[in-house]
Amino acid sequence: MTFSHSSGPSGVLEKYFSGLSEYTFFTQLGVADTQLVQYISQLLVRFTKTDAMLRIRKLNGRPATEVVTMMTEAQQRIGLARREVHRHIGDFTLFWTGLYPESLRSLQGSTKSDQFVSYCQQGKLAYEIASEIEDEENDEVPSELLHRLSEQFDLCAYGLREVRRQWEEGGSDGNAILI
């Protein structure tokens, strides 16, 4: 699990999100788990691309956009494929509960099936299930990390809200972080 830190646009994003995540988690929250913080900054980079956020597909080929649908898809898979869908559910729910919790409130009273799902509970459960599925030694995301994401889901979501606050404010000193 390493960053390429290229000089192109994705390299700039990696550096930006890595810096924000490290500042927020290490400095503000006192979280010294570098593997966890690196995973969160990579999640931010990955989810800047819509296709990464919508990578789970239903049998008809359309993207699964609701957690309930993703959970159904996970149950229909086995082994590492099932692990990856559960990991994605954890990532998806962490992203939305952390960065855009206000968008989840708008689901209240809607007709979407996700109104019945607690994003936090499902995220914790998904990471835990993924951590219990045997991984390969060369897997980029170790089971222990997925287990920690499950246990520290609420803290990670809070940290992501702080990351968002930092980028909206332009950095801790009020100056723009990216020019």
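The values are calculated or read from the model by the stated rules, or taken from the named source; none is laboratory data. If you're wondering where the values come from, they're calculated on a predicted model, not measured in any experiment. Note that we place each Cβ from the backbone using ideal geometry, even for glycine, and neighbour counts take in every protein chain shown.
Are any of the residues in segment 36-44 assigned to a helix (DSSP H, G or I) and modelled with pLDDT under 90?
Scanning segment 36-44 turns up no residue that is assigned to a helix (DSSP H, G or I) and modelled with pLDDT under 90.
Name the pairs whose Cβ atoms lie under 8 Å apart, with the first residue in segment 59-81 and farther than 15 Å from residue 91 by Cβ, the second part of a helix (DSSP H, G or I) and among the β-branched types (Val, Ile, Thr), and 6 or more positions between them or separate chains?
Here the result reads 77/85, each pair linking segment 59-81 to a residue that is part of a helix (DSSP H, G or I) and among the β-branched types (Val, Ile, Thr).
If you go through segment 45-61, how many residues are within 26 Å of residue 19 (Cα to Cα) and not in a loop (DSSP other than H, G, I, E, B)?
Qualifying residue count, segment 45-61: 6.
Kindly list, by first and then second residue, each pair from a residue in segment 1-25 that is farther than 14 Å from residue 38 by Cβ and among the polar types (S, T, N, Q) to a residue that is at pLDDT 90 or above and part of a helix (DSSP H, G or I), limited to pairs with Cβ atoms under 6 Å and residues at least 6 apart or on different chains.
Close Cβ pairs (under 6 Å, with a partner that is at pLDDT 90 or above and part of a helix (DSSP H, G or I)) do not exist here.
Any idea which of 157, 126 is more than 27 Å from residue 19 (Cα to Cα), of a type in the set (A, V, I, L, M, F, W, C) and at pLDDT 95 or above?
Checking each option against the conditions leaves just 126.
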